Amino acid sequence: MRTFAKIGLIASLALGLGGCMSLGQDGRSMLPEETSLAYFPEHTQTQNLLHQLPGPQRQVAIAVYGFSDQTGQFRPTNSGQTLSRAVTQGAGSILAKALQDAGNRQWFTVVERERLDNLLKERQIIGEMRRRYLGEEQIDPNALPALLFAGVLLEGGIVGYDTNTVTGGAGAAFLGIGARTEYRQDTVTVYLRAVSVRTGEVLTNVQASKTIASQAIGASAYRFVAFRELLEAEWGITSNEPDQVALQQAIEKAVYGLVLEGVDLGLWRFADMESTEALMSTYRAERDGIYDARDVQEAVQRAGSLTALTVVETEDDEDEGS
């Protein structure tokens, strides 16, 4: 009977550990799901910064031919390195999306250049089909207008992926019962520069970095519960910040810095410069290492509110005048 009772106790402990592991603080399952539904990812903090940027005086036509991985690093594993790259190779697509997010598509007109050969082939097919079936010797410009051209070219890439920049951990055990935690931090860095198509001059350069945190928590029990009867139990969970999301945030932060650095240098302007003085002051302070990201986000929200208020007041004045 005692053996059955002990077996039941061990089973209860195992079920309890499984129950603790299956539900997180928000009530969601922390165990890997066998199946899941596709979803739209939540907006990142830097994406919200881009959306909240006040509108420009005029849009800037911009082109990106490529935003490549220049680190030359492969993904590290416990047994060495593999041929898989350490960071995503789709940074150009992330950059194009970040440019469109700036000011809710108000800041930049992004023209396609990364797959320009595909675009030109498709336009050739359209022209050939219209000549063959419609008899057009000269292509109707209303059916196939000229391509947009950009005034600013964006260059740069992912220049750094540093692993284990911070590592650490702690643990304790007493009478065979213990707990431990481990921590690791990586860093990804991107550079972004704007080049004038007209003169070839490098207008501005910005740099942004994002840390990638990984944490592991575990507990174990190892003790004799009776003569020649040993109880062993383990529990653990590891949380890894996705590399792609971290790179996305670094690129979005670089685009945010590109907009404000261009305003600071007089390359382009906000539609209402007076209401964005606080935003520019906060950006300069963060760039110079005085303020942190929270102060910047508050300044962006205040600038967006002031700009919206100015637009409403202007509309009210126009209504009264009419």
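The values are calculated or read from the model by the stated rules, or taken from the named source; none is laboratory data. Everything numeric here is computed off the predicted structure, so don't read it as measured data. Virtual Cβ from ideal backbone geometry, glycine too; neighbours counted across all protein chains shown. To get the accessible areas, we keep the full protein, side chains included, count just its heavy atoms, and leave off ligands, DNA and RNA. Shrake-Rupley method; radii C 1.70, N 1.55, O 1.52, S 1.80 Å.
Which one is farthest from Tyr183 (Cα to Cα), of the residues in region 195-216 that are of a type outside the set (Lys, Arg) and in a loop (DSSP other than H, G, I, E, B)?
Thr199
Kindly evaluate Ile177 against the criterion of being open to solvent by less than 40 Å² (accessible area, probe 1.4 Å), at pLDDT below 90 and more than 30 Å from Thr109 (Cα to Cα).
No.
Which of the strands (runs of 3 or more DSSP E) found entirely inside region 43-138 contain at least 1 residues meeting this: modelled with pLDDT of 85 or more?
Per the criteria, 60-64, 108-112.
Among the residues in region 235-244, are any in contact with a strand residue (DSSP E or B) (Cβ under 8 Å, 6 or more places away or on another chain), assigned to a helix (DSSP H, G or I) and surrounded by 17 or more Cβ atoms within 10 Å (Cβ to Cβ)?
Yes, some residue in region 235-244 is in contact with a strand residue (DSSP E or B) (Cβ under 8 Å, 6 or more places away or on another chain), assigned to a helix (DSSP H, G or I) and surrounded by 17 or more Cβ atoms within 10 Å (Cβ to Cβ).
Is there any pair linking a residue in region 234-253 that is under 26 Å from Gly176 (Cβ atoms) to one that is part of a helix (DSSP H, G or I) and open to solvent by less than 70 Å² (accessible area, probe 1.4 Å), with Cβ under 9 Å and at least six apart or on different chains, and which?
Once the first residue is under 26 Å from Gly176 (Cβ atoms) and sits in region 234-253, its partners that are part of a helix (DSSP H, G or I) and open to solvent by less than 70 Å² (accessible area, probe 1.4 Å) give Glu234/Leu17; Trp235/Leu17; Trp235/Gly18; Trp235/Met21; Gly236/Met21; Ile237/Met21.
Which of the residues that make up region 101-150 are loosely packed, with under 13 Cβ neighbours inside 10 Å, of a type in the set (S, T, N, Q) and touching a residue at least 12 places away in the same chain (Cβ under 8 Å)?
Scanning region 101-150 gives a single hit, Asn104.
Being out of contact with any strand residue (DSSP E or B) (no Cβ under 6 Å at 6 or more places or on another chain), under 22 Å from Thr187 (Cα atoms) and at pLDDT 80 or above: is that true of Ala38 here?
When the stated conditions are applied, Ala38 does not pass them.
What single numbered condition from (1) modelled with pLDDT under 90; (2) open to solvent by 70 Å² or more (accessible area, probe 1.4 Å); (3) in contact with a helix residue (DSSP H, G or I) (Cβ under 8 Å, 6 or more places away or on another chain) fails to hold for Tyr191?
If we test Tyr191 against (1) modelled with pLDDT under 90; (2) open to solvent by 70 Å² or more (accessible area, probe 1.4 Å); (3) in contact with a helix residue (DSSP H, G or I) (Cβ under 8 Å, 6 or more places away or on another chain), just (1) comes out false.
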